[in-house]
Structures are given as structure tokens and as C-alpha cells.
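*Asks:* One structure follows; several queries about it will come next.
The values are calculated or read from the model by the stated rules, or taken from the named source; none is laboratory data. Treat the numbers as computed from the prediction; the structure is a model and nothing was measured. No Cβ is skipped: glycine too gets one built from the backbone with ideal geometry, and neighbour counts run over all protein chains shown.
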Amino acid sequence: MSAALVFSVLAASTLVTAFISGILGMAGGMILMGVLLAFLPLPAAMMLHGISQLASNGGRAFMLRNEVDWRVFRGYVVGAALALGLFAATSIVVGKAAALIAMGLTPFAALLLPEKLHLNVERRGHSALCGFVCLALNLVAGIAGPILDAFFVRSKMSRHAVVATKALTQTLSHLVKIVYFGGVIAVQGGEVSPWLIPTMVLLAFLGTSLSRPVLERMSDASFRQWTRWTVMTLGALYLASGLRLAF
């Protein structure tokens with residue numbers, strides 16, 4: 001496939017997935033990660049995904065900044081810092097098959113949790129646990145949307161607060177991912193097209209802006225229903241792809 005065609009596919013995917021994430025607060029990142037892994041080495045895919053999602057989530061967090069639950073975000077930061085310390089000490093980098101399998105398993109792992117272990121980001125200590133688990137998954141699989149959603153789906157927060165708070169937590173996670181895999185690329189060698197980075201950032205902002213009117217028309221009930229079905233479907237697709245690569 002020509003470089004121009006790859007560039008076009010990645011640019012279009014960035015716009016569409018930013019639009020999806022602006023509506024559901026997730027899922028778009030899962031789709032984009034799958035597209036990037038199909039065309040690029042894992043470290044480059046991780047870094048570009050982080051750049052695009054930093055722009056998308058950062059723009060979304062800014063637009064809905066008055067809706068952010070800062071108590072939840074502070075707990076998330078504590079957990080994320082612990083996960084970053086662990087990964088910095090071990091320098092973990094997995095292969096494409098393992099990344100896809102991890103992406104595919106996360107929504108089912110969240111679904112299969114026993115009732116007494118059900119997650120709720122508003123419960124004491126759960127926001128820090130959310131930060132630790134989600135940052136770890138971001139550095140292994142590139143995404144943490146399904147597990148992140150599991151922490152929020154039982155909360156009493158409005159859809160605006162859910163989207164805003166998740167966007168801010170993911171802004172932090174993707175910033176860490178950019179630095180982490182940027183270091184991996186520097187050590188292992190390789191490069192990313194300098195034209196692709198600003199293009200993905202601009203299209204991520206555009207997709208996020210276009211999604212706002214759709215979010216306003218959704219109800220909280222339909223928002224949660226669409227979110228759950230979307231991540232389960234994507235999880236099944238990525239699990240199948242990862243298993244095919246592995247075996």
C-alpha cells in the first residue's frame with residue numbers, strides 16, 4: 001500500500017474516531033488503535049494513537065470543563081502515578097498479538113466481575129484503582145476504554161460529567177503514553193511522518209467539535225446502552241484478530 005494511501009486512511013480514521021469518542025466518551029480510541037496497528041509498528045502506533053487521543057480527549061475535556069468531577073480525577077492521578085512507576089522500572093513493551101488480545105479481553109473481563117467486585121468510580125478508592133488499571137492497559141494495549149467504562153457505568157454521574165471526567169483522565173494517560181513510547185522509539189530506532197502528527201491533531205479536534213450537537217440530543221439511558229454494546233462488539237473483533245496473529 002502506498003504511503004499516500006496509508007496517510008489518507010489514518011487521517012480519515014482519526015476524524016471518524018474522534019467524532020465517535022466525542023459522543024460516547026470512548027470506543028473511538030479502540031477503533032483507531034486497531035487501524036494504527038494494521039499499518040504501523042507497535043511503538044509508532046502507540047505514540048501516534050497517544051497524540052491523536054490527547055488532542056481528542058483534551059479538546060473534549062476543555063469543552064466540558066465545568067462538568068469534570070475533580071475528586072474522581074485526583075484519585076485517578078494517584079493510581080496512574082503508581083502504574084507509571086511500575087512500567088518505568090520494568091520497561092514493558094508487548095507485541096501486536098498480545099496488544100490486540102488485551103484490547104479484546106478488557107470488556108469481557110469487566111463484564112465477568114462478580115457482583116461484590118463491581119466497579120464504581122464514585123466509591124472510596126475506586127478512582128485510584130481506575131487510574132492504576134487504565135494507565136497500565138494504555139501502556140500494554142494502547143487503550144483502556146472498556147475497563148474505564150466499567151468504572152463509570154454504575155456511577156450516578158450525568159452523561160456530560162461522565163464524558164468530561166473520562167476525557168480528562170484519558171488526556172493524562174495518553175500524555176504519559178506519548179512520552180513512554182517516544183522513548184521506546186528513540187531507543188529502538190524508527191520514525192513517524194512529521195506531516196501525519198499535525199494532521200491527526202487537527203482532525204481529532206475537528207471530530208470532537210462535530211460530535212457535541214449529537215451528545216446534546218442523546219439521553220443518559222441511550223448513552224449508556226450504546227457505549228456498552230459498542231465496546232463489546234469491538235472487544236470481540238480485536239480478540240479474534242489477536243488470536244489469529246498469535247496462532
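*Asks:* Any idea which of Gly183, Gly145 is modelled with pLDDT under 80, within 21 Å of Ala97 (Cα to Cα) and not basic (Lys, Arg)?
*Replies:* Selected residue: Gly145, the only one of Gly183, Gly145 that is modelled with pLDDT under 80, within 21 Å of Ala97 (Cα to Cα) and not basic (Lys, Arg).
*Asks:* Filter segment 163-175 down to residues that are of a type in the set (Val, Ile, Thr) and more than 12 Å from the chain's Cα centre (by Cα) and give me whichever is surrounded by the most Cβ atoms within 10 Å (Cβ to Cβ).
*Replies:* Only one residue tops the list, namely Val163.
*Asks:* Further question: Working only within segment 59-97, note down all residues that are at pLDDT below 85 and in a loop (DSSP other than H, G, I, E, B).
*Replies:* Hits for segment 59-97 are Ser91, Ile92, Val93, Val94, Gly95.
*Asks:* Here is a list of conditions, (1) modelled with pLDDT of 75 or more; (2) not in a loop (DSSP other than H, G, I, E, B), and Lys116 meets all of them except one; can you say which number that is?
*Replies:* All conditions are met except number (1).
*Asks:* Still on this structure, I have one more. Return a yes/no flag: does segment 119-128 have any residue that is closer than 23 Å to Leu234 by Cβ, modelled with pLDDT under 80 and not in a helix (DSSP H, G or I).
*Replies:* yes
*Asks:* Tell me the residue from Val9, Val35, Val16 that is at pLDDT 85 or above, closer than 13 Å to Thr208 by Cα and either out of contact with any strand residue (DSSP E or B) (no Cβ under 7 Å at 6 or more places or on another chain) or not in a helix (DSSP H, G or I) (or both), please.
*Replies:* Just one listed residue meets the conditions, Val16.
*Asks:* Tally up the residues in segment 145-155 that are closer than 14 Å to Leu105 by Cβ and in contact with a Ser or Thr (Cβ under 7 Å, 6 or more places away or on another chain), please.
*Replies:* Selection size over segment 145-155: 2.
*Asks:* Do the conditions hold for Leu48, that is, is it in a helix (DSSP H, G or I) and at pLDDT below 80?
*Replies:* Criteria not met by Leu48.
*Asks:* If you don't mind, another one. Are there any pairs with C-beta distances below 9 angstrom linking a residue in segment 62-88 that is within 14 Å of Asn138 (Cα to Cα) to a residue that is assigned to a loop (DSSP other than H, G, I, E, B), with the two at least 6 apart or on different chains, and if so which?
*Replies:* That search, which allows pairs on different chains as well, returns Tyr76/Val121; Leu86/Ile92.
*Asks:* What tally of residues in segment 224-240 results from selecting those that are over 11 Å from Asp149 (Cβ atoms) and either modelled with pLDDT under 75 or of a type in the set (A, V, I, L, M) (or both)?
*Replies:* 5
*Asks:* Turning to a different aspect of this structure: Could you please find all residues in segment 21-33 being touching a residue at least 24 places away in the same chain (Cβ under 8 Å) and either more than 16 Å from the chain's Cα centre (by Cα) or crowded, with 22+ Cβ neighbours inside 10 Å (or both)?
*Replies:* Passing the criteria: Ser21, Gly22, Ile23, Leu24, Gly25, Met26, Ala27, Gly28, Gly29, Met30, Met33.
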